[in-house]
């Protein structure tokens, strides 16, 4: 079983406070890892370190055996991530965002499941993102991650802003 993610001895200090102390974790192929804790416990900080958006004071992060801080491009080619509020080009449609990601990743066809997750009728895909609600932006961000067809997904509060229907997905909505 392949080890997709390995964190070794992660330490992070912010404003004189130890946020993370000697964090060790690993994630293997086919497994799901949830990180749970109270606000301010360092969950988002750890995820930012894992995706290379922040540096640990000590420790190493390996994605598919690639050290993310030595070879960020090589490491991030294996995963998709959603940390905090997603950023979009407001004057592009949801569909145009999906096309950009697919083109960037060399994917010839956007997965139908990703488009259906946004809206089964695909009407929302034609609308500009500046008109999207918070929940629709979250749906688009998750669909973008899905479109990338990553080996690993790092998601920080993925259901933030979704209505109850957003928690359930069916390929054949009725």
Quiz prompt | residue 62 vs. criteria more than 19 Å from residue 127 (Cβ to Cβ), at pLDDT 90 or above and touching a strand residue (DSSP E or B) at 6+ places or on another chain (Cβ under 9 Å) | solution = yes
Quiz item: Which ones in the stretch 26-72 are without any contact (Cβ under 8 Å) to a residue 24 or more places away in the chain, surrounded by 14 or more Cβ atoms within 10 Å (Cβ to Cβ) and not in a loop (DSSP other than H, G, I, E, B)?
Solution: 66, 67, 72
Quiz prompt | Residue pairs meeting the criteria (Cβ under 7 Å; at least 6 apart or on separate chains; first assigned by TED's automatic domain parsing to the domain that holds residue 140 and touching a residue at least 12 places away in the same chain (Cβ under 8 Å), in the stretch 83-97; second surrounded by fewer than 14 Cβ atoms within 10 Å (Cβ to Cβ) and assigned to a helix (DSSP H, G or I)) | solution = 90/130; 91/130; 93/126; 95/126
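Which of the residues spanning the stretch 10-20 are outside any loop (DSSP other than H, G, I, E, B) and loosely packed, with under 13 Cβ neighbours inside 10 Å?
Filtering the stretch 10-20 down to residues outside any loop (DSSP other than H, G, I, E, B) leaves 10-14, 17-20.
Correct list: 14, 17, 18.
For residue 103, indicate whether it is assigned to a strand (DSSP E or B) and either modelled with pLDDT of 90 or more or touching a helix residue (DSSP H, G or I) at 6+ places or on another chain (Cβ under 6 Å) (or both). Full working, then the answer.
Details: assigned to a strand (DSSP E or B): no; either modelled with pLDDT of 90 or more or touching a helix residue (DSSP H, G or I) at 6+ places or on another chain (Cβ under 6 Å) (or both): yes.
Criteria not met by residue 103.
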Quiz item: Out of curiosity, is residue 75 outside any helix (DSSP H, G or I) and under 21 Å from residue 49 (Cα atoms)?
Solution: no
Quiz item: Between residues in the stretch 143-160 that are at positive phi and assigned to a loop (DSSP other than H, G, I, E, B) and residues that are crowded, with 16+ Cβ neighbours inside 10 Å and modelled with pLDDT under 85, which pairs lie under 8 Å by C-beta distance while being six or more apart or on different chains?
Solution: none
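Picking from 85, 109, which residue would you name as being surrounded by fewer than 15 Cβ atoms within 10 Å (Cβ to Cβ), within 17 Å of the chain's Cα centre (by Cα) and in a loop (DSSP other than H, G, I, E, B)?
On the way: 109 fails: within 17 Å of the chain's Cα centre (by Cα).
None of the other options fit; the residue is 85.
Any chance the stretch 108-118 includes a residue that's in the same structural domain as residue 88 (by TED's automatic domain parsing) and within 12 Å of residue 82 (Cβ to Cβ)?
no
From the list 155, 125, 92, 162, exactly one residue is surrounded by 14 or more Cβ atoms within 10 Å (Cβ to Cβ), closer than 24 Å to residue 35 by Cα and either modelled with pLDDT of 90 or more or in contact with a strand residue (DSSP E or B) (Cβ under 9 Å, 6 or more places away or on another chain) (or both). Which is it?
Working: 125 fails: closer than 24 Å to residue 35 by Cα; 92 fails: closer than 24 Å to residue 35 by Cα; 162 fails: either modelled with pLDDT of 90 or more or in contact with a strand residue (DSSP E or B) (Cβ under 9 Å, 6 or more places away or on another chain) (or both).
Result: 155 is the single residue among 155, 125, 92, 162 that is surrounded by 14 or more Cβ atoms within 10 Å (Cβ to Cβ), closer than 24 Å to residue 35 by Cα and either modelled with pLDDT of 90 or more or in contact with a strand residue (DSSP E or B) (Cβ under 9 Å, 6 or more places away or on another chain) (or both).
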Practice problem: Sort through 32, 51, 23, 61 and tell me the only one that's under 19 Å from the mean Cα position of the chain (by Cα) and more than 29 Å from residue 116 (Cβ to Cβ). | Solution: 61
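The values are calculated or read from the model by the stated rules, or taken from the named source; none is laboratory data. Remember, it's a predicted structure, so these values are computed and weren't measured experimentally. Heads up, the Cβs are rebuilt from the backbone with ideal geometry, glycines too, and the neighbour counts pull from every protein chain shown.
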